[in-house]
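What follows is a short report on a single structure.
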Amino acid sequence: MYRVLIREAANDDWPQIWPFMSEIIKAGETYSYDRDMSEDEARAVWLLDPPGRTVVATDDDGSMLGTAKMNSNHGGGAGHVASASFMVDPACAGRGVGRTLGEHVIAWAHAEGYRLMQFNAVVESNTRAVQLWRSLGFEVLGTLPEGFHHPEHGYVGLHVMYRHL
Ligand SMILES: CC(C)(COP(=O)(O)OP(=O)(O)OC[C@H]1O[C@@H](n2cnc3c(N)ncnc32)[C@H](O)[C@@H]1OP(=O)(O)O)[C@@H](O)C(=O)NCCC(=O)NCCS
């Protein structure tokens, strides 16, 4: 088990983030990003300016383990609904990094005064993520049938998941 430290992402972190993020995006199994998304596009999507926020998870020695971004999911009358996205280096998967990031994001949203958190597009076949979000208090609100085309499994459902904060 790593000791997982969470801190604000800096522009300098990008060269350590991009290698595993590009691996996850290219695999095309978990995100509705184009699989050939460029590095510049990915950086713009991932490194958020306030009031959004991006964090990194590192080991004691500073080595990069994963990252999460958090933001308002909606505006106006639905501005109290937050959202978040997560990427853990596949080489470090299953060792508690995603859980630590998830707990951090929930605490952030709560402290910022959001009332709900919504994940818009959780791929049904991403059982690790679905299991993790359930264990952090999220439930599946509904599933868009065949909402995601998985490179191996073909058309699979796309969950909307949410929890109160
Ligand atoms: C999904 C993801 C964030 C999980 O991060 P992680 O660091 O691997 O997860 P953790 O080690 O914290 O595991 C958390 C939970 O996942 C579940 N899990 C872990 N390994 C699993 C496996 N092989 N099969 C099913 N569930 C598993 C368990 O519920 C585990 O709970 P536990 O802590 O009680 O064991 C990470 O795998 C990832 O970045 N995947 C690619 C991108 C992605 O899918 N992002 C989320 C999109 S919704």
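Values quoted throughout were computed directly from the atomic coordinates according to the rules given, and no laboratory measurement underlies them. Everything numeric in this text was worked out from a predicted model, so none of it was measured. Note: ideal-geometry Cβ built from the backbone for every residue, glycine included; neighbour counts use all protein chains shown.
Odds and ends about this structure:
- Exposure proxy ranking, count of Cβ atoms within 10 Å, fewest first, for D12, D34: D12, D34
- Among the trypsin sites (Lys or Arg not before Pro) in the range 1-34, those placed in a DSSP loop whose Cβ has at most 11 other Cβ atoms within 10 Å are R3.
- Calculated mean residue ellipticity, 222 nm, the chain: -8500 deg cm²/dmol, from DSSP H runs (n ≥ 4) at -39500 (n - 2.57) each, averaged per residue and rounded to 500.
- Assuming charge only on the beta carbon of Lys and Arg (+1) and of Asp and Glu (-1), the dipole of the chain about its Cα centre is about 640 debye to the nearest 20.
- Taking the charge dipole of the range 5-164 about its Cα centre, with +1 at Lys and Arg Cβ atoms and -1 at Asp and Glu Cβ atoms, the residue from G28, G94, Q16 reaching farthest to the positive side is G94.
- Alpha carbon centroid spacing (whole Å) that separates the range 102-165 from the range 26-87: 14 Å
- Rounded if a/c under 1.5, otherwise prolate or oblate - the range 44-130, Cα gyration tensor axes: prolate
- Rounded is the label for the chain, because a/c, from the alpha-carbon gyration tensor with a ≥ b ≥ c as root eigenvalues, stays below 1.5.
- Least to most buried among W108, W18 (fewest other Cβ within 10 Å first): W18, W108
- Trypsin sites (Lys or Arg not before Pro) lying in DSSP loop within the range 61-165, provided at most 13 other Cβ fall within 10 Å: R115
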